[in-house]
Amino acid sequence: MAGQGRAIALSFHGAARNVTGSCHLLEAAGRRILIDCGMFQGEADSDRLNRAPFGFDPATIDAVVLTHAHLDHCGRLPLLVARGFQGEVLCTRATAELAQVVLLDAARIQEEDAEREAERALRAGRAPRPPLYGLDEACAALASFGRALRYGRSYSLGAGLTVRLIEAGHILGAAQAVFDLPAPDGTGRRRLVFSGDIGNSGRPVLRERARPPEADWVVMETTYGDRNHRSFEESARELIEAIRATIARGGKVVIPTFALERAQELLFILSRAVVAGDLPRKLPVYLDSPMAITATAVFRRHPEAFKLPFRRELMAGADPFRLPRLKLTREVEASRRINRQEGPAVILAGSGMCTGGRVLHHLRHNLWREEASVIFVGFAAKGTLARQIIDGARTVQVLGETVAVRAQIHTINGFSAHAGRDELLAWHAQTGRPEITFLVHGDAEGGMAAMAQALERRGLATCRPRLGERFVLAETSPLQASGRKHTSPRRH
Ligand SMILES: [Zn+2]
């Protein structure tokens, strides 16, 4: 390791040729900064990847910069702390508040899953699997959250490194991260930009993303690198139409919902539709997600993050999430009662990709009913139950039962919190002509490949790193230092 201390290097420990588990290690001026520490979700080997060693020693990490509070970006923080990380987690205040909701929820789900699994193991006579982590580990991770960073300001990370977060327009508190680093050869400063997850423009609640600065190196997400979304308003109309048709059939509408952002946006759309007379005032709407309920409360505390009309409404004391028959169901018993209720209703429940959570029991009760509908409004990774249903499976396994899929299935992608292809390319163009762009957080054959092709057509160098790969971006050696034009960084 001697002589490596001053090089600028990047290594990839998640979201490498897949969508989840974001975790990237930046080494510069002898400091070691982790960008995100997310959980792998939905893939067949997610559990194994989450339990595996990190690929670096957590005790050697000086700080974590967290771009936003989605589980696939913050979900392994409890493991990082449990395995020796002693530094500070840095993020915006809203991200810290949401990360608390997300990590405590993740710990609870894992403890509950582990209990169920222990019963099965007992019956099968095998050793039970412990949870990935529990509430104690989640709380310890939350105790390492340090300074709350404000958008647009530079903060020192020591040894001449600074980080500046700028708005990503993705979910409340989300950021792009701009690192300014001392060049190892003493020739000034170099810049590395991490996109984080980039938001989709034209949504009604959150402010739009900020423009990234020009950069020497870029790490960017590619979730929707291969397609554009329909507009938000068009999607809102499609949603209301699907709900009206289901009401006419007398069925229930199940919307697997991401608790952050999507749930709040959906409430806003439903509330608007009721005011406009497009949905009946007496339609019961259930927000069946304790996490979404708490997250909605966090939203109300951050008017600074919203677009003006929404903010004005909030500041004037109005409730943009108001619905005449909205029921927030925190208790499990209240959640169960929903399915004993006759007649149409809209049920928003997590998780969005149907990998767990209360949506599973609503699916079990409704998927087989012709009059019901299931409306997917977000990204569904390969291998998830959501993806199977979207891809047209005739039967699926839900909570250990085989369930026929007879309900109407809708996929409405215009609510995505992710930028589509054209917006990703526009974002990238604003970073100038970086020496190299690392593509992460996308399907290797889908969005990631499409984005690589598009950038290479513009004459830009790209790289799709594999899990654990490390790249030296700049060294003190005169050969590398004088050659700013070198096109591909050295794999190391
Ligand atoms: Zn995200």
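The values are calculated or read from the model by the stated rules, or taken from the named source; none is laboratory data. The model shown is predicted, which means the values in this text are computed figures rather than measured ones. Cβ sites come from the backbone with ideal geometry, for glycine too, and all protein chains shown count toward neighbours. Ligands, DNA and RNA are stripped out before the accessible areas are found, and what is left, the full protein with its side chains, is counted by its heavy atoms. Shrake-Rupley method; radii C 1.70, N 1.55, O 1.52, S 1.80 Å.
Just wondering, is there one or more residues in the stretch 157-171 that are open to solvent by 20 Å² or more (accessible area, probe 1.4 Å), within 16 Å of the ligand (Cβ to nearest atom) and either under 21 Å from GLU214 (Cβ atoms) or among the hydrophobic types (A, V, I, L, M, F, W, C) (or both)?
Taking the stretch 157-171 and keeping what is open to solvent by 20 Å² or more (accessible area, probe 1.4 Å), we get 158-160, 162, 164, 167.
Subsequent filtering for residues that are within 16 Å of the ligand (Cβ to nearest atom) retains 167.
Then drop every residue that is not either under 21 Å from GLU214 (Cβ atoms) or among the hydrophobic types (A, V, I, L, M, F, W, C) (or both), which leaves 167.
Yes, the stretch 157-171 contains a residue that is open to solvent by 20 Å² or more (accessible area, probe 1.4 Å), within 16 Å of the ligand (Cβ to nearest atom) and either under 21 Å from GLU214 (Cβ atoms) or among the hydrophobic types (A, V, I, L, M, F, W, C) (or both).
Which of the residues belonging to the stretch 90-108 are of a type in the set (Val, Ile, Thr) and either open to solvent by 60 Å² or more (accessible area, probe 1.4 Å) or in a loop (DSSP other than H, G, I, E, B) (or both)?
THR92
Just to be sure I understand, how many residues within the stretch 172-227 are within 16 Å of the ligand (Cβ to nearest atom), of a type outside the set (A, V, I, L, M) and in a strand (DSSP E or B)?
Qualifying residue count, the stretch 172-227: 3.
So which of GLY446, GLY468 ends up being within 20 Å of the chain's Cα centre (by Cα), surrounded by fewer than 19 Cβ atoms within 10 Å (Cβ to Cβ) and modelled with pLDDT of 90 or more?
That would be GLY446, the only listed residue that is within 20 Å of the chain's Cα centre (by Cα), surrounded by fewer than 19 Cβ atoms within 10 Å (Cβ to Cβ) and modelled with pLDDT of 90 or more.
Name the single residue, out of those in the stretch 244-278 being of a type in the set (Ser, Thr, Tyr) and part of a helix (DSSP H, G or I), that is farthest from GLY343 (Cα to Cα). Full working, then the answer.
The first filter runs over the stretch 244-278 and keeps only residues of a type in the set (Ser, Thr, Tyr), leaving 246, 257, 271.
From the residues that got through so far, the ones that are part of a helix (DSSP H, G or I) too are 246, 271.
On the way: THR246: 10, SER271: 20 Å.
Looking at residues that are of a type in the set (Ser, Thr, Tyr) and part of a helix (DSSP H, G or I), I get SER271.
Could you tell me whether any residue of the stretch 78-90 is touching a residue at least 60 places away in the same chain (Cβ under 8 Å), within 16 Å of the ligand (Cβ to nearest atom) and within 13 Å of LEU34 (Cβ to Cβ)?
no
Within the stretch 248-269, how many residues turn out to be within 25 Å of TRP368 (Cβ to Cβ), more than 18 Å from the chain's Cα centre (by Cα) and either modelled with pLDDT under 95 or open to solvent by 10 Å² or more (accessible area, probe 1.4 Å) (or both)?
Going through the stretch 248-269 one residue at a time, the tally reaches 4.
Can you tell me which residue is nearest to LEU26 (Cα to Cα) among those in the stretch 402-438 that are within 16 Å of the ligand (Cβ to nearest atom) and open to solvent by 10 Å² or more (accessible area, probe 1.4 Å)?
Here the residue is HIS418.
Among the residues of the stretch 66-89, write down those that are closer than 26 Å to THR162 by Cβ and either open to solvent by 20 Å² or more (accessible area, probe 1.4 Å) or more than 17 Å from the chain's Cα centre (by Cα) (or both).
Selection gives HIS70, LEU80, VAL81, GLY84, PHE85, GLN86, GLY87, GLU88, VAL89.
Could we say that ALA305 is buried (at least 20 other Cβ atoms within 10 Å of the Cβ), in contact (Cβ under 8 Å) with a residue 40 or more places away in the chain and touching a Gly at 6+ places or on another chain (Cβ under 8 Å) here? Steps first, please.
On the way: buried (at least 20 other Cβ atoms within 10 Å of the Cβ): yes; in contact (Cβ under 8 Å) with a residue 40 or more places away in the chain: yes; touching a Gly at 6+ places or on another chain (Cβ under 8 Å): yes.
When the stated conditions are applied, ALA305 passes them.
Show the residue pairs meeting these rules: Cβ distance below 7 Å; 6+ apart or different chains; first residue within the stretch 22-48 and closer than 15 Å to PHE471 by Cβ; second residue at pLDDT below 95 and of a type in the set (Ser, Thr, Tyr).
Final answer for the pair search is none.
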